[in-house]
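Read through the structure below, which is laid out as structure tokens, and then see the notes.
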Amino acid sequence: MGSMSEEGGRLFFQAETFETKRLERRKPSSRVMHEPAQPVPVHTECDVLVVGGGPAGTAAAVAAARLGADVVLLERYNHLGGLSTGGLVVWIDRMTDWSGRHVIRGIAEELLSRLDSSKIAGPSRAEWGSHDPDKVAYWSLRTAAYHNTVTHSPTLDPEWLKAESLALVLEAGVHPIFHAWGARPVVEDGRVSGCIFESKEGRRAVLAKIVVDATGDGDLYARAGAGFETEVDARDIHGCMNTAWMFAGVDMDAFLRFRAQTPEQFSAFMARGREALRFFEKPVVSWRNDIAVFMGPRLAGYSALKVEDLSEVEIRSHQLMLEHLAFYRQHAPGFGDAYIMLSAPQLGVRHGRRLQAVSRLTREMWDGRVAPDEIGVSPSLAPKFANISIPYGSIVPRDLDGLLAPGRHLACDATSHSFMREIPQCWLTGHAAGVAAAIAADRGLRPADIPIADLQEKLRAQGAFLNSMEELAEAKAGGYDR
């Protein structure tokens, strides 16, 4: 995790980012082709269609199906989990608050509980919230202690998270369709009623009572006409992209001893790496001592919405992986026998679009207020801030019906996006979207009109953590503005 600051009152989360000189691009053509109209076969019809099988989409599909909805899940890759699996983001950021209370629960907690100790690593439950200096020192090096506090921030085996995500979906009765890219929403009179997808069978459609856009970049809601924001600070890592990778055959304990016990030598090593490679990254721990994960270098100045930018980031990241392997094998303790285990099949995108919604999560809402339409609670970025109450309105488009938009493309300001894009928060908002979609589909309601009390009751019944009934009642009575 990067350092935190209050530069300009906005940049709270920072890490080293790298501006690059663009590779030579092909000259774009000015020609325009007109695609002839053609019939699109309807592949199937359902109550709830979820497009995107990342953390938000997986949680949404399971939650909706458990309430009796007929759910179809479209996924463009061959697996579920999104960046938590295919992106090799095997470090799951904080699921506890600064007191050690487990606040991101529900389907997220259930999914991680299916992984045994050979597949997931991190502090024990008894250590969550500990300020013990020895424990903090140990877990700080292992991505699980910040601000002198041990947190529930596990690392896990991505293949087993894929397996358990699929098992959870199938057990719930969801019908997954892989190798299907959600290409265009079906929109009728301002209401989304399905999605056309591309596959080996060509263009086909799924029609649904309610659609959940879990694409991560708001691809469906943008093409359906919903408003959105794309602004992000170039200095902020949340506007960066990269392909992650793993090296095996390492001894991470040896590397961490080098980092902790000889800080001057470690600083010299990092300086030498920057001089040799310019874009240089240090590894983080995985669920095993013999596997290292590289989550960067984070490349700035590229757009997740432009295909040439995506392609260039892939090229640079894979070149950097080879350069890092050679440098680490020669110079880093514990890496003498390192070899490439895997480069991520999914590009590490942190930000694309942010929805314009019924309500919006903003920096001003980090003061402990409880949203009357709360769907979950997120840990804050630092102990000086209260837990963050997430409003349902942040996943409901302001000017579009029939669709919900959980995950990193929900409605928030650029600062709040620094944590709302993380995997636990995507599980949280996806869980809520699935419950809301099932209610709306069952009762023939617009997503914006479902009873909030019913949504909150069903979320609690599925294990989600919300503030107390008294706190929610106070918020609904006017305490929201305190």
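Overall form of segment 24-178: oblate. Here a/c, set by the Cα gyration tensor axes a ≥ b ≥ c, is 1.5 or more, and a/b is not larger than b/c. Treating only the Cα positions of segment 251-300 as identical point scatterers, give the base-10 log of I(q)/I(0) from the Debye formula at each q in 0.17, 0.25 Å⁻¹. Relative scattering, expressed as log10 I(q)/I(0), comes to -0.57, -1.03. Dipole size of segment 346-450 about its Cα centre, with +1 on Lys/Arg Cβ and -1 on Asp/Glu Cβ: approximately 340 debye, rounded to the nearest 20.
Does segment 412-482 classify as rounded, prolate or oblate by the C-alpha gyration tensor (a ≥ b ≥ c root eigenvalues; a/c under 1.5 gives rounded; else a/b over b/c gives prolate, otherwise oblate)? Because a/c hits 1.5 or more and a/b fails to exceed b/c, segment 412-482 counts as oblate. Taking every C-alpha pair closer than 8 Å and separated by at least 6 residues, the mean separation divided by the residue count of the chain gives a relative contact order of 21 percent. Our summary gives segment 89-138 a relative contact order of 40 percent, counting only alpha carbon pairs under 8 angstrom and 6 or more residues apart. Spin-label model, Glu171/Arg191: points 7 Å from Cα along the beta carbon direction are separated by 3.6 nm. Just the protein heavy atoms count here, and of the accessible area of the chain at 1.4 Å, carbon and sulfur take up 50 percent. Note on the chain: dipole from Cβ charges, positive end direction compared against Ile291, Met241, Leu156; the farthest Cα belongs to Met241.
So the label point goes 7 Å from the Cα of Ile315 along Cα→C-beta, right? Which residues of segment 22-42 then have their backbone N under 15 Å from it? The answer is 22-28. Given +1 at the Cβ of Lys and Arg, -1 at the Cβ of Asp and Glu and no other charges, the dipole of segment 92-139 around its Cα centre is 120 debye to the nearest 20.
Considering helices alone, the calculated mean residue ellipticity of the chain at 222 nm is -9000 deg cm²/dmol, with DSSP H runs of length four and up weighted by -39500 (n - 2.57) and normalised per residue. Candidate cross-link partners of Lys306 among the lysines, defined by an alpha-carbon separation under 21 Å and a same-chain spacing of 8 or more, comprise Lys21, Lys27.
Of the peptides 109-118, 245-254, the order by per-residue mean of other Cβ atoms within 10 Å, starting with the highest, comes out as 245-254, 109-118.
Is the shape of segment 44-99 rounded, prolate or oblate, going by the alpha carbon gyration tensor and its root eigenvalues a ≥ b ≥ c, with a/c under 1.5 for rounded and a/b larger than b/c for prolate? Oblate. Ordering 128-134, 69-75 by mean Cβ neighbour count within 10 Å, with the highest value first, yields 69-75, 128-134. Peptides 287-293, 191-197, 175-181 ordered by packing proxy, namely the average of other Cβ atoms within 10 Å per residue, highest first: 191-197, 287-293, 175-181.
Here the dipole of the chain is about 900 debye; that uses its Cα centre as origin and unit charges on the Cβ of Lys and Arg (positive) and Asp and Glu (negative).
The heavy atoms of Glu471 offer some 70 square angstrom of accessible surface to a 1.4 angstrom probe. Using a cut-off of 29 Å between Cα atoms, the listed pairs Lys162/Lys458; Lys135/Lys282; Lys200/Lys458 include Lys200/Lys458 as exceeding that distance.
Candidates Ser199, Pro123, His147 compared by Cα position along the dipole of segment 118-209: farthest toward the positive end lies Ser199, with charges placed on Cβ.
Centre-to-centre, using Cα atoms only, segment 212-265 and segment 169-208 are separated by 28 Å.
Solvent exposure of the chain, expressed per residue, is 41 Å² of accessible area, with all protein chains present and a 1.4 angstrom probe. By the combined test of axial Cα extent (at least 24 Å) and Kyte-Doolittle hydropathy (mean at least 0.5), the qualifying DSSP H helices of the chain come to 423-443.
The values are calculated or read from the model by the stated rules, or taken from the named source; none is laboratory data. Keep in mind the model is a prediction, meaning the values are calculated, not measured. Reconstructed Cβ throughout: ideal geometry from the backbone, glycine too, with neighbour counts over all protein chains shown. These area figures cover heavy atoms from the full protein model, side chains too; ligands, DNA and RNA do not enter into them. Shrake-Rupley method; radii C 1.70, N 1.55, O 1.52, S 1.80 Å.
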